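Notes follow the structure.
The values are calculated or read from the model by the stated rules, or taken from the named source; none is laboratory data. Values in this document were obtained by computation on a predicted structure and should not be read as measured data. Quick reminder, even Gly has a Cβ in these numbers, built from the backbone with ideal geometry, and neighbours come from all protein chains shown. SASA here: full protein model, heavy atoms, side chains in, ligands and nucleic acids out. Shrake-Rupley method; radii C 1.70, N 1.55, O 1.52, S 1.80 Å.
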Amino acid sequence: MSKLGTLGARLHRGEVGYDFIKNRKIWYGLSILITITAIVGLAVRGLNMGIEFQGGAVFNTPKNTTASVSQAEEYAETASGHDAIVQKLGDGSLRIQVAGIDTDAANKIKNTLADDLKIDSEQINAELVGPSWGDQIADKAWQGLGIFLFLVVIYLAIAFEWRMALAAFVALIHDITITVGIYALVGFEVTPGTVIGLLTILGYSLYDTVVVFDSLKEQTKDLTKQTRWTYSDVANRSINSTLVRSINTTVVALLPVAGLLFIGGGVLGAGMLNDISLSLFVGLAAGAYSSIFIATPLVADLKEREPQMKALKKRVLAKRAKGETEVRGEDDVYTDEPEDAAPAVVGPRNQPASRTRGRGRPSGKRR
């Protein structure tokens, strides 16, 4: 078995582990800092909205145009007075985008580009894009996002409980805010592909969160019937038992996206890949982070505000302080394990072991 597989098995059995819940304030603070940075970047720099949202014109030159991308960009910006985006297509033609211009301006720019590029103006195909189409896309995206979040909260509240639904909602908002903020800071163009990428990362982030929540739900059955582990202890075990799985799925998902972003968009210059690949790359990483460091610790915080969980924590801490090793019933077993040991799974898997401990001793205590 590989070292990673061995580590995963040891994490699942509780033989090793990292206390995510105990150090949750560190992760909360880090997330708040990153989120504030993203919001400030969004407020100061704003989003670089693509032509689909601003409106403008797209000029396509004939095949095998001799001008370079930088030359065509300079010509277009000089002719229009606006920023231009130029892409060289596979057949040697150029695609020149200029946002924020009307029909009359588009005709003038077309003629000026023809003179600068030394080609016939009739060979340049100009297409106007109205801002109303971009508004429709934005409206549909907001509607889809709202419906998605509503259904997610309802489903999680029914399948798990409202505290988990609230934690998952906070994690999703966290992921979206960071991704949009990164777009503002980097200055990448926001296109319909960006919107698709944002909606895609929500499903991935939710999947990773639900995996941990499902493990947590299973391990906290009849938790109040014992006095060995608190809710935070079991929540920490749930994170550790699914940690390697989360890392594996995240790395496998990030590798092809990184190829699109850094090789396709950066090395090969396929700028159209940047709009969707950046949102996927940042969103996938943020989704994995929020599932481990935000959602589950937040659930533990909310749960331990309940009177039952407060009382359980008080009893557990009192028993640990006294260092008692007595056995009280089949579902209430104490050992001399150190306090920082990872919690055993609470539920049916521990019951057979608890029935065998202490037998043959009249008092049930260690000799």
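Points worth noting:
- In straight-distance terms, cross-link reach from Lys108 covers every one of the lysines whose alpha-carbon lies under 20 Å from its own, apart from those fewer than eight places away in the same chain; here that gives Lys118.
- Net +/- balance of residues flanking Gly283 in space, Cβ distance below 12 Å, scoring K and R +1, D and E -1: -2
- Fraction of the pair-distance distribution of the range 51-144 above 19 Å, Cα-Cα pairs, percent: 38 percent
- Cα-based equivalent ellipsoid, the range 99-184: semi-axes from gyration tensor eigenvalues, Å: 48, 14, 9
- Ranked order, Arg45, Arg305, Arg315 - accessible area, probe 1.4 Å, largest first: Arg305, Arg45, Arg315
- Residue-normalised accessible area of the range 100-143, given per residue in Å² at a 1.4 Å probe: 68 Å²
- Lys/Arg +1, Asp/Glu -1 at C-beta; the range 78-179 dipole; positive extreme among Val129, Gly90, Ile176: Ile176
- Ordered by solvent-accessible area of protein heavy atoms (1.4 Å probe), largest first, the residues Trp229, Trp142, Trp27, Trp162 come out as Trp142, Trp162, Trp27, Trp229.
- For the range 152-281, convex hull of alpha carbons as volume per residue, Å³: 105 Å³
- Paramagnetic label zone (point 7 Å from Cα along Cα-to-C-beta, Glu74; backbone N under 14 Å) in the range 111-128: 116-117
- Accessible area, probe 1.4 Å, largest first, for residues Met49, Met309: Met49, Met309
- Taking a ≥ b ≥ c as the square roots of the eigenvalues of the Cα gyration tensor, the range 12-101 is classed as prolate, since a/c reaches at least 1.5 and a/b is larger than b/c.
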